[in-house]
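Below is one structure, written out as structure tokens; the observations come after it.
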Amino acid sequence: MLRIKIYPAGNGDAFLLSVAGSNVLVDGGYAQTFDEYIKSDLLEIALKGERLDLVIASHIDADHISGLIRFLVVNETSTEPKVV
């Protein structure tokens, strides 16, 4: 079953698509969206032994990528991620 979670991103966008253990984050809204909503869901994904399989930035407006930038800063490295 496909699960689509739409985050409150102000005037931007942020979606988490999940199906059969695969997870795709599309846009990240503003940094506040990541901090208040997305981060906790990514930590839940990690606790289940899953990860993000793909992160998509639809375009570079701040209301779409600021949350993704925040994710990259908080996560630190792909080899030893702090979030997922």
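The values are calculated or read from the model by the stated rules, or taken from the named source; none is laboratory data. Keep in mind that what you see is a predicted model, and the values were worked out from it rather than measured. Note that each Cβ is placed from the backbone with ideal geometry, even for glycine, and that neighbours are counted across all protein chains shown.
Summary of values
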read-out	value
The lone exception for ASP35 - which of (1) in a loop (DSSP other than H, G, I, E, B); (2) over 16 Å from VAL55 (Cα atoms); (3) touching a helix residue (DSSP H, G or I) at 6+ places or on another chain (Cβ under 8 Å) it fails	(1)
The range 1-13 - residue that is buried (at least 19 other Cβ atoms within 10 Å of the Cβ) and at pLDDT below 95 and, of those, nearest to LEU54 (Cα to Cα)	ASP13
Lone qualifier among LEU52, LEU16, LEU68 - being part of a loop (DSSP other than H, G, I, E, B), under 9 Å from the mean Cα position of the chain (by Cα) and modelled with pLDDT of 95 or more	LEU52
Matching residues, the range 67-81, being surrounded by 13 or more Cβ atoms within 10 Å (Cβ to Cβ) and free of Cβ contacts under 8 Å to residues at least 40 places away in the same chain	LEU72, ASN75, PRO81
Residue in the range 26-40 that is in contact with a Ser or Thr (Cβ under 9 Å, 6 or more places away or on another chain) and at pLDDT below 95 present	no
